[in-house]
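Reviewing the structure listed below.
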Amino acid sequence: SMVVGDKFLKDVATIPLDHSALGTVIHRNKQIEVHDLNFTEENDFLKVIKREGLTSMLASPIVFGEDTIGVIISYTRRSHRFSNGEKKVFKTLAEMAASAIQNSRLYSQIFASEESMRRNEKLTTLGMLAAEIAHEIRNPLTVIKLLFDSLNLQFEVTDPRHTDAQIIREKLDQLEEIIERVLSFGRTNAGVHSRQNLNNMIGDTLKLVRIKLDQQKIDIIFKPFAQGTYVDVNKGQILQVILNLILNATQAMPNGGTIYIETTIEGELTHMTISDNGIGIPQAIKDNIFESFLTNRPDGTGLGLSISKRIMRAHRGDIELSCSSPEGTTFHCWLPITK
């Protein structure tokens, strides 16, 4: 596809990169200049070239990192040699385009991450509720089984009640198996722990949200513990906690502000403090912020902090609200150090 003047031209055919000078731009990762397109091998584009009266071309690669992700092409309708200044201008435009494209991709990832986190919050809560219900059912079920066995119901084989008693015993065993499967499902997460550097996990999260923070005029000050902060964790779950705390902070600063993050080590614990200078948590809900389904946002689920606390406690750590006022809010988290 290309833009000529104010018209957008789209060629629906698929053309191999090695059949065009544009392929050279991508493969060599450098600008290509063609003085007269009518005397090149751009046969696939000759129809457009002649119809639009195109003569000279400068193609500049759009590069992000080590990858060429696109091409900016400039055409003239008369023979023209592009000066070094013009080439520099288009190289700069290509660099800006690369940054814009990458920012757009990152911004899409942020929305996807937020949406995924909301879905995960609901699924995690459903799983927790299912485990809690299964646990509550198991106790009375155990009593029923014991009482049923103590009745010592012995019926003749020809008596229909003999079959009924067998079915009841089988169904009680079946219920117990179902409950055990639900409870054991939640315990399988313990097997995916690995040694992680908390500083690196915070850094990864900040990279993900940097565009969102920049657009909301929010600055980040991250002071990591110099020697590293190694913990034995389910990485995905801890990333969810960090992301949730940062997104909560952005919600409290609609007009911009600063988020301050610090990691320290005290004794056998790794500590993480996340502070903001936002509007603070309303007094009415301050004492109950870790309860499920509590929220003061119309688009919130009220599950973020509740799940975050469950995750931290499952890792033998915890999270607490250190302070909150109209001048800002501070959350404090801690985890055991891994040797």
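Can you find a residue that is modelled with pLDDT of 90 or more and either small (Gly, Ala, Ser) or in contact with a Gly (Cβ under 8 Å, 6 or more places away or on another chain) (or both) anywhere in the stretch 312-323? Talk me through it step by step, then tell me what you get.
Applying the first criterion (modelled with pLDDT of 90 or more) to the stretch 312-323 yields 312-313, 315-323.
From what is left, the residues that are either small (Gly, Ala, Ser) or in contact with a Gly (Cβ under 8 Å, 6 or more places away or on another chain) (or both) are 317, 322.
Scanning the stretch 312-323 turns up at least one residue that is modelled with pLDDT of 90 or more and either small (Gly, Ala, Ser) or in contact with a Gly (Cβ under 8 Å, 6 or more places away or on another chain) (or both).
Given Leu17, Leu58, which one is open to solvent by 50 Å² or more (accessible area, probe 1.4 Å) and either modelled with pLDDT of 80 or more or more than 14 Å from Ala94 (Cβ to Cβ) (or both)? If you could, list the steps in order and put the result at the bottom.
Numbers: Leu58 fails: open to solvent by 50 Å² or more (accessible area, probe 1.4 Å).
Of the residues listed, the single one that is open to solvent by 50 Å² or more (accessible area, probe 1.4 Å) and either modelled with pLDDT of 80 or more or more than 14 Å from Ala94 (Cβ to Cβ) (or both) is Leu17.
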Filter the stretch 236-255 for residues that are more than 14 Å from Thr273 (Cα to Cα) and in contact with a Ser or Thr (Cβ under 7 Å, 6 or more places away or on another chain); which is most open to solvent (accessible area, probe 1.4 Å)? Leu239
Here are Thr229, Thr270: which of them is among the polar types (S, T, N, Q), out of contact with any Lys or Arg (no Cβ under 7 Å at 6 or more places or on another chain), open to solvent by less than 40 Å² (accessible area, probe 1.4 Å) and at pLDDT 95 or above? Thr270
Scanning the stretch 149-159 for residues that are exposed (fewer than 12 other Cβ atoms within 10 Å of the Cβ) and closer than 27 Å to Glu180 by Cα gives Asp149, Ser150, Leu151, Asn152
Quick one: in the stretch 315-331, of everything that is over 20 Å from Pro282 (Cβ atoms) and touching a residue at least 24 places away in the same chain (Cβ under 8 Å), which residue is farthest from the chain's Cα centre (by Cα)? Gly317
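Quick grid of which residues meet (1) farther than 30 Å from Phe64 by Cα; (2) at pLDDT below 75; (3) open to solvent by 80 Å² or more (accessible area, probe 1.4 Å); (4) part of a helix (DSSP H, G or I):
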{"site": "Gln109", "(1), (2), (3), (4)": "no, yes, yes, yes"}
{"site": "Glu115", "(1), (2), (3), (4)": "no, yes, no, yes"}
{"site": "Thr124", "(1), (2), (3), (4)": "yes, yes, no, yes"}
{"site": "Leu129", "(1), (2), (3), (4)": "yes, yes, no, yes"}
{"site": "Leu147", "(1), (2), (3), (4)": "yes, no, yes, yes"}
{"site": "Arg161", "(1), (2), (3), (4)": "yes, no, yes, yes"}
{"site": "Asp173", "(1), (2), (3), (4)": "yes, no, no, yes"}
{"site": "Val182", "(1), (2), (3), (4)": "yes, yes, no, yes"}
{"site": "Arg187", "(1), (2), (3), (4)": "yes, yes, yes, yes"}
Can you pull out every residue in the stretch 60-91 that is free of Cβ contacts under 8 Å to residues at least 12 places away in the same chain and under 22 Å from Asp214 (Cα atoms)? Gly65
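The values are calculated or read from the model by the stated rules, or taken from the named source; none is laboratory data. All figures in this text were calculated on a predicted structure; none of them were measured in a lab. Counting neighbours? That spans all protein chains shown, and the Cβs are built from the backbone with ideal geometry, glycine included. Surface areas here come from the heavy atoms of the whole protein model, side chains and all, with no ligands, DNA or RNA. Shrake-Rupley method; radii C 1.70, N 1.55, O 1.52, S 1.80 Å.
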